[in-house]
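Novice: Sharing a structure, written as structure tokens. Questions coming.
The values are calculated or read from the model by the stated rules, or taken from the named source; none is laboratory data. What you see is a predicted model, and the numbers here were worked out from it, not measured in a lab. Cβ coordinates were reconstructed from backbone atoms using ideal geometry, including for glycine residues, and neighbour counts include every protein chain displayed.
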Amino acid sequence: MTQATLLPSDAQILLRYRVPGLADGPVRFRWSDAERGVFRKRRKQRVSEWVERHIVLTKGPRPGPWRNASTPYLVGVMDALGFASVQDVVLCKSPQVGGSEVGNNFLGFVADQDQGDALVVYPDQGTAEETSRDRIQPMFEHSPRLRACMTLDPDDASKLRIALRGMIIYMAWAHSAARLASKPIRYLILEEVDKYPRTASKREADPVSLAKKRQTTFRHNRKCLELSTPTTITGRIWTSFTREVQARFDYWVRCPGCGHWQRMEFDRIRWPKDVRDPVRVETEELAWYECAGPACGECWTDAHRDQAVRLGEWRERETGLELSAYLRSRKPRKVGFHIPAWLSTFVSLSRCASAFLAGQKASGNPDWKEKLKDFMNAIKAEPWEDYEVERDSDAILKLRDERPRGVVPSGGLVAGLTAGVDTQDDGFVYEIRAWGFGRTEESWQIREGKVQTLEALEKVLFEDRYEDARGERYVVQLVLIDAMGHRTREVYEWARNHVGRVWPLKGEQRMNQPFAFSNIDYWPGTKIPIPGGLQLLRINTNYYKSALASKLAIAPADPGAWHLHSECAQAWAEEMCAEYVDERGLWQCPKGKDNHAWDVSVYALAAADVLGIKFWERERREEPAVEDDTPKKAKRRLW
């Protein structure tokens, strides 16, 4: 029997031999849909494109045909899974962002386009069975394209195994070493890995390692999706995202008003300053998002946020390249994506703000620490660092005395002034402190704040007058300014204009001495020499931070106290409590907490140590008078 012609839906064959029951001559027959599907040339398409065309959801907040516009940030994640060079995708996410649907949709895609056995691992057996019964099987049954992939045998679709035409989907759970350690697997999905146990059993390795060994025979065409909400800094998903991927991607949104591209940050979610009740903020929807555009500042509602997200795109964290451009040019094998809750159209901005307020100690909630942990994990999609705050902001505010801002203590107590400056991309945070005579190093806050330019900083430090109640003038004798950031050259140039009064500074956690100087011969990032060179002051930040913490514990009436002026704000006191000592004995600042007040206080303390003020004798105060156009009866002295 030979085939004479092949038509789109039927064919004609010529019988060479007599077949009982059939007449002589050509016989026509029709190809089945499945047979025609084998001959059909497959059009290459992106995973997200295929998903929007064929997937139908039966569960969730928006059942029905899948729409990429509902979760636009998932488009890039799905497409990365389908990219030829990519073998591993790590998704560090908040709950309620649709992360699990990425894995389910990808299973549907490969079942139709590129069959291969798959394994989906869940934290426990109950979750595995429920997801298979309530999510995956209904997706295949209600999506016409996927229904064709199913067999007619009802036994092929069980709670832990779905046999399709050309592939099998196995369900497993992390506690079962037996289900993790058999059968070769091409596609692997690891759901909520931070909920896995450390080992699958007493004699086996960790569940992730066991599952990945099943992909060994698919060296060149395997795919693995690892996703979870983070828990701790040593958790599986955060370790994979920060240490094991070749490229990390953040989702950038575009302001619907000014068109400014930006990565959304929690610090730009605002709510009325006088409202601290988390329930009220959420129920009355009081929060908004402030656009980071330099000439915009538009306040986004949830609807504006949704529009900005739909206009967005994924960008690689280091290079800034758009996702598809990065994948085509770099061809990475392992990539990571980060999705915080405020990108989700299912989570309101007010919900994010409410979660933050509930996690504040000042809220009066006895479970504030657990709430703060939930905010870090579920809203920011970042790990929780368990630490104990060693200082309390209320205790810091008790160090305030009766002086107004800008006034130096009188009575011959003060030997000199120093200042610390923290360099930021958008300005300079500073603090000026007065120091007493003697080894106790008693200190008084004179002025603190933030300025936008070095010119404004110069005015604060060197032009504004600082006097005591008797009109005696004091000048800032040494300024230490942080030089390690995006403005290093600018800081170097400014320091060279004030040689002897300003030193650029670099903090180091491990040094065998409190401070040391290094010679800088070239401008940063170049081989262009600095005329005459420059001295960089390196300070042992661990040493000075521990010294500062000790001083903050001294009562205001005792020798060596750390005084604040009467106008020092609560926000400043809170920043003085930001850092903590970890298990290695090193000072750390939790991500997302401001510590600028703490840093500049450390710098001012180091400046006093560099000058050796504690060794000065009181006679040092008698110096030639400073020239002044305004005549005063009081004697004018340099210091």
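Novice: Considering only residues that are surrounded by 14 or more Cβ atoms within 10 Å (Cβ to Cβ) and not hydrophobic (A, V, I, L, M, F, W, C), look in the stretch 318-335 and name the one that is nearest to TYR251 (Cα to Cα).
Specialist: In this case the residue turns out to be GLU322.
Novice: Now a separate question. Quick one: what pairs do we get from the stretch 63-86, first residue on the phi > 0 side of the Ramachandran plot, second outside any helix (DSSP H, G or I) and β-branched (Val, Ile, Thr), C-beta under 9 Å, 6+ apart or different chains?
Specialist: What qualifies is GLY64/VAL56; GLY64/THR58.
To keep it simple, each residue is scored yes or no on (1) more than 30 Å from ALA325 (Cα to Cα); (2) part of a helix (DSSP H, G or I).
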site: ILE189; (1), (2): no, no
site: PRO197; (1), (2): yes, no
site: LYS212; (1), (2): no, yes
site: CYS224; (1), (2): no, no
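Novice: Name the residue, out of LEU81, LEU107, that is under 26 Å from the mean Cα position of the chain (by Cα), part of a helix (DSSP H, G or I) and of a type in the set (A, V, I, L, M).
Specialist: LEU81
Novice: Shifting gears a bit: Looking at (1) under 21 Å from the mean Cα position of the chain (by Cα); (2) assigned to a loop (DSSP other than H, G, I, E, B); (3) of a type outside the set (Ser, Thr, Tyr), can you tell me which one PRO272 breaks?
Specialist: Of (1) under 21 Å from the mean Cα position of the chain (by Cα); (2) assigned to a loop (DSSP other than H, G, I, E, B); (3) of a type outside the set (Ser, Thr, Tyr), only one is false for PRO272: (1).
Novice: Taking the options LYS369, LYS361, name whichever one is modelled with pLDDT under 85, out of contact with any helix residue (DSSP H, G or I) (no Cβ under 7 Å at 6 or more places or on another chain) and not assigned by TED's automatic domain parsing to the domain that holds ARG310.
Specialist: Going through LYS369, LYS361 in turn, just one is modelled with pLDDT under 85, out of contact with any helix residue (DSSP H, G or I) (no Cβ under 7 Å at 6 or more places or on another chain) and not assigned by TED's automatic domain parsing to the domain that holds ARG310: LYS369.
Novice: Considering each of GLY116, GLY82 in turn, give the residue that is farther than 30 Å from SER348 by Cβ, crowded, with 20+ Cβ neighbours inside 10 Å and not charged (D, E, K, R).
Specialist: Unique residue meeting the criteria: GLY82.
Novice: Let me ask something additional. Report the residue count in the stretch 191-214 for those that are basic (Lys, Arg), under 28 Å from the mean Cα position of the chain (by Cα) and at pLDDT 90 or above.
Specialist: Going through the stretch 191-214 one residue at a time, the tally reaches 2.
Novice: Could you check the stretch 557-601 and list, in sequence order, the residues that are of a type in the set (Phe, Trp, Tyr) and surrounded by fewer than 16 Cβ atoms within 10 Å (Cβ to Cβ)?
Specialist: none
Novice: List pairs: first residue in the stretch 227-242 and assigned to a helix (DSSP H, G or I), second residue among the hydroxyl-bearing types (Ser, Thr, Tyr) anywhere in the structure, Cβ distance under 6 angstrom, at least six positions apart or on different chains.
Specialist: Pairs found: ILE237/SER228.
Novice: Could you list, in sequence order, all residues of the stretch 243-269 that are closer than 20 Å to LEU81 by Cα and part of a helix (DSSP H, G or I)?
Specialist: Matches in the stretch 243-269: ARG243, GLU244.
Novice: Filter the stretch 85-100 down to residues that are at pLDDT 95 or above and either under 20 Å from THR345 (Cα atoms) or touching a Ser or Thr at 6+ places or on another chain (Cβ under 7 Å) (or both), then give me how many there are.
Specialist: Residues that pass the stated criteria total 5.
Novice: So which pairs qualify, if the first residue must be in the stretch 479-498 and under 19 Å from GLU463 (Cβ atoms), the second must be among the small types (Gly, Ala, Ser) and part of a loop (DSSP other than H, G, I, E, B), the Cβ gap must be under 9 Å, and the two must be at least 6 apart or on different chains?
Specialist: Listed by first residue and then by second, the contacts come to ALA495/ALA483.
Novice: A follow-up question, please. Residue pairs, Cβ under 7 Å, 6 or more apart or interchain, first in the stretch 587-609 and farther than 23 Å from LYS373 by Cα, second of a type in the set (S, T, N, Q). List them.
Specialist: Correct list of pairs: VAL602/THR541; ALA604/THR418; ALA607/THR418; ALA608/THR418.
Novice: Where the second residue is of a type in the set (S, T, N, Q) and surrounded by fewer than 20 Cβ atoms within 10 Å (Cβ to Cβ) and the first is not assigned by TED's automatic domain parsing to the domain that holds TRP503 and lies in the stretch 521-546, which pairs have Cβ atoms under 9 Å and are six or more apart or on separate chains?
Specialist: Pairs found: none.
Novice: Take the stretch 128-186 and flag every residue that is in contact (Cβ under 8 Å) with a residue 60 or more places away in the chain and among the basic types (Lys, Arg).
Specialist: Listed by number, the residues that qualify are ARG135, ARG145, ARG165, LYS183, ARG186.
Yes or no, residue by residue, for (1) under 30 Å from PRO383 (Cα atoms); (2) hydrophobic (A, V, I, L, M, F, W, C); (3) out of contact with any Asp or Glu (no Cβ under 6 Å at 6 or more places or on another chain); (4) buried (at least 22 other Cβ atoms within 10 Å of the Cβ):
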site	(1), (2), (3), (4)
SER158	no, no, yes, no
PRO197	yes, no, yes, no
PRO207	yes, no, yes, yes
LYS213	yes, no, yes, no
